[in-house]
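Trainee: Shown below is the structure under consideration.
What follows draws every value from the coordinates through simple rules; no lab data is involved. These numbers come from a predicted model, not from an experiment. All Cβ positions, glycine included, derive from the backbone under ideal geometry; neighbour counts span all protein chains shown.
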Amino acid sequence: MNQVHLGHVFHLAGRPTVQDAADALVSLPNGALIVAGDGRIVYCGDSDDIPAEFRGDEIIDHRPGFLLPGFVDTHVHFPQTFAGDAYGGGQLLEWLDQCIYPAESRFADPEYARIAAAEFCARRIAAGTTAAMVFGSAFRHAQDALFAETHRRGLRVVSGRGIQTTGGESVAPLLIDEQDVVRLTRAEIDAWHGADTGDVDTALLHVAVIPRFSLSVTRQTLFELGELYESVRERGVYFHTHLNENNRPGTGEVDTTKTVYGVDSYLDTYDGRFLPGSAVGGRSMLGRRSIFAHSVHCQDSELARLAATGSSIAHCPVSQQFLGSGTMPWKRTIAAGVNVAVGTDFGGGDEWSIPRVLSAAFKVHISEPGADAISMHPAQMLFTGTLAGARALDMENRFGNFDIGKEADFLVVDPAGTPALAGRLTHGVRADDPVLARDQTLFTLLMGMDETAIARVYVQGRRIDDD
Ligand code: GUN
Ligand code: ZN
């Protein structure tokens, strides 16, 4: 049985790049999104033009609500579910030591991990984040709880245990032995990759290989993970980590990594070139299912390599502000041809909501110095929070917009849930030019919406917000 959802549709049709997002923007004030019984989109267009074959179908009238593709969070930390806004002084490396490693160590308790998994999925649904690359816990029982709860709630996830084989005292509970890395990582892949349907092309659950960052693993671990990743690439397994996040002079993560490894660039450590002088010591873990969080301080050569390998960046401006990590140069990064999606990086970021991250992106990039400043187009913002995320997860063929045949991941946004937003949408001044007026409405929606405006959440056409 088909369902006809009525509302104001916004999405990016086709396969645009961020540069041509404005041309791909579809706005249908009297929109209809028709979803077949198998969860796929069979029609997206004006409600007056609904083909005769769908006329008798069940109608769900969300007007005056909006219909948007589900948001994609390409970098969020499950074991930091209760660690948002953690205060300990200092920037990234001090914050990890003082706040985050202790918080993540609590997941050794299976009951605590189970409560966190329930909260994590609840927060994602409330925020309308239908798909996510999730940085996992060091504990197998916690990852089992995450995958099981994600499945129960009907969400999509790509996740993997956060791998650490070296570090100081504060991280000791999270460390695993070098000789266990491959066995434990492979066990998670075998247990959960595509586990819900038995087929990665239809599954909602996927696994990633996730070294925390180069400073938390040894050369031997990078070597073994490279071999492992090469052996599971064909199975559609993902790779995820942090890159070039914080460069506080002298003691920042970027300088420290380059010094510890003796490499020319941070990316080299993940690219098989982790020996001194960036000599090749193992296999590259870059590729079209590889997502690098932050990538704020990349050299041109690193951006070129990310683009050439089809790797993606998870841009996390809320977190970058919280941890003093700086501003990813927007123009230069997208000009390099890398796919840039967004991440909350919760709890480095203190927002679960992708629109809040897009709002931060708009503000930091319009404030970049001199000629680097850019006013992001609202279509670019929507693209970055939806279709670019699906592309980063290498599942653009399945979701991310409302093209016919895609799986129907979408949100109903009801401005009435957020009176201040409703007021701006109803009474805000709009340009005479209909295209600019359209863009103004989308901008107001993205800048002004939070959890309170998200009325319903659907994955594969199934409503998942009514647990
Ligand atoms: N780098 C290594 N670990 C982390 C983490 O947990 N959060 C952030 N933001 N950066 C990291
Ligand atoms: Zn992170």
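Trainee: Output the 0 to 90 degree angle, nearest 10, between the alpha-carbon long axis of helix 434-448 and the longest principal axis computed from the alpha carbons of the chain.
Mentor: Computed tilt is about 50 degrees.
Trainee: Using alpha carbons only, how many angstrom separate the centre of region 5-66 from the centre of region 217-248?
Mentor: Centre-to-centre (Cα) distance: 39 Å.
Trainee: Taking a cut-off of 22 Å, what percent of all Cα-Cα pairs in region 342-467 are separated by more than that?
Mentor: Cα-Cα pairs in region 342-467 separated by more than 22 Å: 44 percent.
Trainee: Another one. Below 16 Å, Cα to Cα, which lysines can Lys363 reach? Residues fewer than 8 away in the same chain don't count.
Mentor: By straight Cα distance, Lys363 reaches Lys331.
Trainee: A further question on this structure: If N is the number of residues in region 1-93, what value comes out of its Cα radius of gyration divided by 2.2 N^0.38 Å?
Mentor: Scaled against compact globular proteins, the figure is 1.56.
Trainee: Specify the inter-centroid distance of region 340-360 and region 111-143, based on alpha-carbon positions, in whole Å.
Mentor: The two parts, judged by their Cα centres, are 16 Å apart.
Trainee: Count neighbours as other Cβ atoms within 10 Å of each site's Cβ, and list the chymotrypsin sites (Phe, Trp or Tyr not before Pro) in region 52-95 that are DSSP loop with at most 11 such neighbours.
Mentor: In loop regions of region 52-95 (DSSP not H, G, I, E or B), the sparsely surrounded chymotrypsin sites (Phe, Trp or Tyr not before Pro) are Tyr87.
Trainee: Can you work out D for the chain in µm² s⁻¹ from Stokes-Einstein, where Rh is the Kirkwood radius over C-alpha pairs, the temperature is 37 °C and the viscosity is 0.692 mPa s?
Mentor: 147
Trainee: Got a sec? How would Ile454, Ile50, Ile125, Ile366 order by Cβ neighbour count within 10 Å, fewest to most?
Mentor: On the way: Ile454 25, Ile50 17, Ile125 21, Ile366 12.
Ranked by crowding around the Cβ, least crowded first: Ile366, Ile50, Ile125, Ile454.
Trainee: Something else about it: Give me Glu396, Glu302 ranked fewest to most by other Cβ atoms within 10 Å of their Cβ, as a rough exposure proxy.
Mentor: Ordered by Cβ neighbours within 10 Å, fewest first: Glu396, Glu302.
Trainee: Related question: Just want to confirm a number: the relative contact order over the chain, from Cα pairs under 8 angstrom separated by 6+ residues, in percent.
Mentor: This gives 19 percent for the chain.
Trainee: Assigning unit charges at the beta carbon (Lys, Arg +1; Asp, Glu -1) and nothing else, what dipole magnitude in debye, to the nearest 20, does region 332-467 show about its Cα centre?
Mentor: Numbers: 12 positive and 19 negative charges, 49 e Å.
That gives region 332-467 a dipole magnitude of about 240 debye.
Trainee: Let me ask something else. Please order Val429, Val280, Val181 by the number of other Cβ within 10 Å, starting at the fewest.
Mentor: Exposure proxy ranking, most exposed first: Val429, Val280, Val181.
Trainee: Taking a temperature of 10 °C and a viscosity of 1.306 mPa s, what whole-number D in µm²/s does Stokes-Einstein yield for region 193-240 with Rh from Kirkwood over alpha carbon pairs?
Mentor: 136
Trainee: Only loop residues by DSSP count here, and only those with at most 10 other Cβ atoms within 10 Å; note down the chymotrypsin sites (Phe, Trp or Tyr not before Pro) in region 197-248 that meet that.
Mentor: Those that pass, being in a loop and sparsely packed, number zero.
Trainee: Expressed as an acute angle from 0 to 90° and rounded to the nearest 10, what is the orientation of the C-alpha long axis of helix 140-153 relative to the principal long axis of the chain?
Mentor: Helix 140-153 and the main axis of the chain meet at about 10 degrees.
Trainee: Antiparallel versus total DSSP beta bridges in region 169-302: what percent is that, nearest 5?
Mentor: 10
Trainee: Given just the C-alpha atoms of region 124-233, how large is their convex hull per residue in cubic angstrom?
Mentor: Numbers: hull volume 11.7 nm³, N = 110.
Expressed per residue, the convex hull around the Cα atoms of region 124-233 is 107 Å³.
Trainee: For every helix of n ≥ 4 consecutive DSSP H residues, a contribution of -39,500 (n - 2.57) applies; sum these over the chain, divide by its total residues, and give [θ] at 222 nm rounded to the nearest 500 deg cm²/dmol.
Mentor: Details: 16 runs with 153 residues, N = 467.
After summing the helix terms and dividing by the residues of the chain, the value is -9500 deg cm²/dmol.
Trainee: How far apart, in nanometres, would the label points at Glu234 and His141 be if each is projected 7 angstrom from Cα along the Cα-to-Cβ direction?
Mentor: Result: 3.7 nm between the two label points.
Trainee: Modelled label-to-label distance, Asp46 and Ala422, 7 Å Cα→beta-carbon offset: nm?
Mentor: 2.9
Trainee: Follow-up question, since we're still on this one. Students often forget the sequence filter, so: which lysines lie under 22 Å Cα-Cα from Lys258 once same-chain residues fewer than 8 apart are removed?
Mentor: By straight Cα distance, Lys258 reaches no lysines at all.
Trainee: In nm, to one decimal, how far is the modelled label at Tyr112 from the one at Val260, with both set 7 Å along Cα→Cβ?
Mentor: Placing both labels 7 Å beyond Cα along the Cβ direction yields 2.4 nm.
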